[in-house]
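Computed from the coordinates by the stated procedures, all read-outs in this text should not be read as laboratory data. The model shown is predicted, which means the values in this text are computed figures rather than measured ones. Virtual Cβ from ideal backbone geometry, glycine too; neighbours counted across all protein chains shown.
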Amino acid sequence: MDWVQLTTEEQLAILDDTSSLHPQLIFKHSTQCGISSMILRSFSANTDHPDSGFNYFVLDLLAFRNLSNAIAEKYGIVHQSPQVLLIKDGVVVAHASHYGILELDLNEFV
């Protein structure tokens, strides 16, 4: 799984536009939280995730809190950490936080 660092609102706009072609996944990660780090490692190691058709983004919440707030406002999903948002056709079709992230079956959205 190749993660792209999400750092700008311009990237977010492109991500949103591209979601009509491929599902886009945002992982909101707190780099100082042990649980967030463990969930990110476990999620990344899951071999059941689709190899293609998805774009995977990770957002460092400590460095880019304003972008996290913009995402919460744009998609109407209350901020949590760690949190995953799956965006397809410009809307969030699935989201989860904490250990619920590990229960997401991304193959349902290919």
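Taking R0 as 30 Å, what's the FRET efficiency between residue 41 and residue 14 from their Cβ-Cβ distance, rounded to 0.05?
Values: r = 27 Å, r/R0 = 0.90.
Calculated transfer efficiency: 0.65.
Output the relative contact order of the range 1-78, whole-number percent, from Cα pairs under 8 angstrom with separation of 6+ residues.
Value for the range 1-78: 44 percent.
Which of 106, 37, 90 sits closest to the plus end of the dipole of the chain, meaning its Cα is farthest towards the positive end, when Lys and Arg get +1 and Asp and Glu get -1 on the C-beta?
The Cα lying farthest towards the positive end belongs to 37.
What full-extension length gain, to one decimal in nm, is calculated for residue 73 and residue 2 as 0.36 nm per residue of separation minus the Cα-Cα distance? Don't jump to the answer; show the numbers that get you there.
Numbers: separation 71, 0.36 × 71 = 25.56 nm, distance 2.64 nm.
Difference between extended and current length: 22.9 nm.
Would you tally the net charge around residue 19, using a Cβ to Cβ cut-off of less than 10 Å, leaving residue 19 out, and scoring K and R as +1, D and E as -1?
-2
Per the helix-only calculation at 222 nm, which mean residue ellipticity applies to the chain, given -39500 (n - 2.57) for every DSSP H run of n ≥ 4 and division by its residues, nearest 500 deg cm²/dmol?
Helices in the chain give a 222 nm mean residue ellipticity of -9000 deg cm²/dmol.
Taking 0.36 nm per residue of separation and subtracting the Cα-Cα distance, what length does fully extending residue 65 through residue 89 add?
Extra length from residue 65 to residue 89 when fully extended: 6.2 nm.
Of all DSSP beta bridges located in the chain, what percent are antiparallel, nearest 5?
55
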